[in-house]
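The values are calculated or read from the model by the stated rules, or taken from the named source; none is laboratory data. If you're wondering where the values come from, they're calculated on a predicted model, not measured in any experiment. A quick note on method: Cβ atoms are made from the backbone with ideal geometry, for glycine too, and the neighbour counts reach across all protein chains shown.
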Amino acid sequence: MNWPLLYDMQRELDTRIETQHGLEDEDLFARKHLAFLVELGELANETRCFKFWSVKPSSPAEKVLEEYVDGLHFLLSLGLECGLFYESETSPSAQRPLVEQFLAVFRAADRFGMTKASADYHELFTEYLCLGAALGFSPDEITAAYRRKNEVNHQRQNERY
């Protein structure tokens, strides 16, 4: 994935939102961290992977992918907030069952939320990419979906969402 491009796109969106909403001088880390966790929960809900009591299937792949890139928006934004960047050239592969991978992302997000450390950000990002792989998404699919959702997010700002 072209990380510099994605970070640039996210920076542009973040700057726009912060300017439009008068948040330029605010520390938004806690709100962005909570937003990431909420998006992660919404993603888990769309997959239904933990709902052992139900026979209803996962949402369609396109809906799951949209929820995944919602989380990616906040993950990139958290990095920008802390001056941290994910730069790996390789795409990690799925290594755990889906429920375990979700839990690994939640644990990594909790750690990063407490430390704001570069190593913990890298681990969180890697675990999130592993989750994407476990969901069956390729780097190209993720990038294309991110671009689409980024455009939607800009349009929402145009419409005073």
Out of Glu39, Glu24, Glu87, Glu18, sole residue that is among the charged types (D, E, K, R) and touching a residue at least 60 places away in the same chain (Cβ under 8 Å): Glu87
Of residues in segment 12-67 being among the aliphatic types (A, V, I, L, M) and out of contact with any helix residue (DSSP H, G or I) (no Cβ under 7 Å at 6 or more places or on another chain), the one farthest from Tyr121 (Cα to Cα): Val55
Subset tally (residues that are among the aromatic types (Phe, Trp, Tyr) and under 17 Å from Pro97 (Cβ atoms)) for segment 42-67: 2
Asp14, sole failed condition from (1) farther than 24 Å from His154 by Cα; (2) of a type in the set (Asp, Glu); (3) at pLDDT 95 or above: (1)
